[in-house]
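The values are calculated or read from the model by the stated rules, or taken from the named source; none is laboratory data. Values in this document were obtained by computation on a predicted structure and should not be read as measured data. Glycine gets a Cβ as well: all are built from the backbone with ideal geometry, and neighbour counts include every protein chain shown. Accessible surface is based on the protein model in full, side chains and every heavy atom, while ligands, DNA and RNA are left aside. Shrake-Rupley method; radii C 1.70, N 1.55, O 1.52, S 1.80 Å.
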Amino acid sequence: MLVSQCRTVDGRTQVVVREGSEAYVLGRNTTLYDLARECADSGRSLAETIGEKGLGEAIDIERASLEGRLLAPITHPDPAHLHLTGTGLTHLGSAATRDAMHAKASADDATLTDSMRMFRMGLEGGKPTSLPGAQPEWFYKGNGHALAAPGETLTMPAFAEDGGEEPEVAGVYIIAADGTPCRIGWALANEFSDHVTERVNYLWLAHSKLRMASFGPEILVGELPAHIEGTSRIRRNGEVIWQKPFLSGEANMSHALANLEHHHFKYPIFRQPGDVHVHMFGTATLSFADGVKTEPGDVFEIEAAPFGLPLVNPLARAEDTGVARVRAL
């Protein structure tokens, strides 16, 4: 089952439920946030609750997408309480990349970069027989103010060195009244980053990640397939200038998803009742790695069969607002 949100012609938010090619609006005016919070606090599943509420009229979700009426699949009434976070060095990548990584990971500790040490820790302890396993790399991207809905622009700051896509799978969560993290489902995400800044010095990774992000348009409810095959592409002036397949799912990762979830939600600050979390699980496929330099006006497209509609976002650069000056009170 796939769930999403759509704006009606009169400006209301509708929850859309899809199984196969047929999509229907939920038979009650609500948001996915309100629905998920009801489920989290009652202990009932999303599928069960949707089944009880019933479905209404059919909707052409592809037409809604073309008309620009698809919304982020979940938001928070206060954007500061939606957290965009992620983890890296979690994917094995292609066979050739994996062989190279394993070869480096067997080298002497003194010759390893911090990145390779982190990757090796995941290979050796990211899928433990019992939790917790090895701690992954972790980063913060921002809150709901940095979220772009499907179809909306991913805007890089004027000072950015790069604006590059990262095709990823994200877990989408809401925190129940008792502080329990509850997974709503899984979605495609574009963990948009500044790879040139990151490359200058790995300690600038935190800076490079403070960028916008997008996820959706649909959330997959239920189990995540162990093996996911998707495609990431960039269009410029309507023409594809770069395209590459990507792999995700636990079969292609050095960490178990449960281990990554544990190491995010072990912090009490991330278990505040009512908060929403979109946690991105990493990638092994980047246009930047192939020497592509993106330009404003480029359009990112990320798709994978289990997640329904593709995630599409154009790229823009913000105007330069000058030095950020502080006023003393």
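Within the stretch 233-267, the residues that satisfy the criterion of being without any contact (Cβ under 8 Å) to a residue 24 or more places away in the chain and either more than 18 Å from E168 (Cα to Cα) or buried (at least 17 other Cβ atoms within 10 Å of the Cβ) (or both) are G238, E239, V240, Y267.
Kindly provide the set of residues from the stretch 134-181 that are more than 30 Å from R44 (Cβ to Cβ), open to solvent by 40 Å² or more (accessible area, probe 1.4 Å) and touching an Asp or Glu at 6+ places or on another chain (Cβ under 9 Å), ordered by number. Walk me through how you get there before you give the answer.
From the stretch 134-181, those more than 30 Å from R44 (Cβ to Cβ) are 134-142, 145-146, 148, 151-167; that's our starting set.
Subset that is open to solvent by 40 Å² or more (accessible area, probe 1.4 Å): 135, 138, 140, 145, 151-153, 155, 159, 161.
Matches in the stretch 134-181: F159, E161.
What number of residues within the stretch 193-208 are modelled with pLDDT of 95 or more, surrounded by fewer than 24 Cβ atoms within 10 Å (Cβ to Cβ) and under 24 Å from A304 (Cβ atoms)? Number satisfying all stated conditions: 0. Would you be able to say whether some residue in the stretch 19-32 is modelled with pLDDT of 95 or more and assigned to a helix (DSSP H, G or I)? Within the stretch 19-32 (the criterion being modelled with pLDDT of 95 or more and assigned to a helix (DSSP H, G or I)), the answer is yes, since at least one residue qualifies.
Quick check, is H264 touching a Phe, Trp or Tyr at 6+ places or on another chain (Cβ under 8 Å) and not in a strand (DSSP E or B)? Quick ask: steps written out before the conclusion?
Values: touching a Phe, Trp or Tyr at 6+ places or on another chain (Cβ under 8 Å): yes; not in a strand (DSSP E or B): yes.
Criteria met by H264.
Scan the stretch 82-119 for residues that are touching a helix residue (DSSP H, G or I) at 6+ places or on another chain (Cβ under 8 Å), in a helix (DSSP H, G or I), at pLDDT below 65 and closer than 30 Å to G142 by Cβ and jot them down. Across the stretch 82-119, the qualifying residue is only M101. Here A36 meets the list (1) open to solvent by 20 Å² or more (accessible area, probe 1.4 Å); (2) within 23 Å of the chain's Cα centre (by Cα); (3) under 20 Å from L71 (Cα atoms); (4) not hydroxyl-bearing (S, T, Y) almost entirely, failing just condition (1). Report yes if A305 is under 20 Å from the mean Cα position of the chain (by Cα), among the aliphatic types (A, V, I, L, M) and at pLDDT below 95, otherwise no. Yes; evaluated as a whole, the condition is true for this residue.
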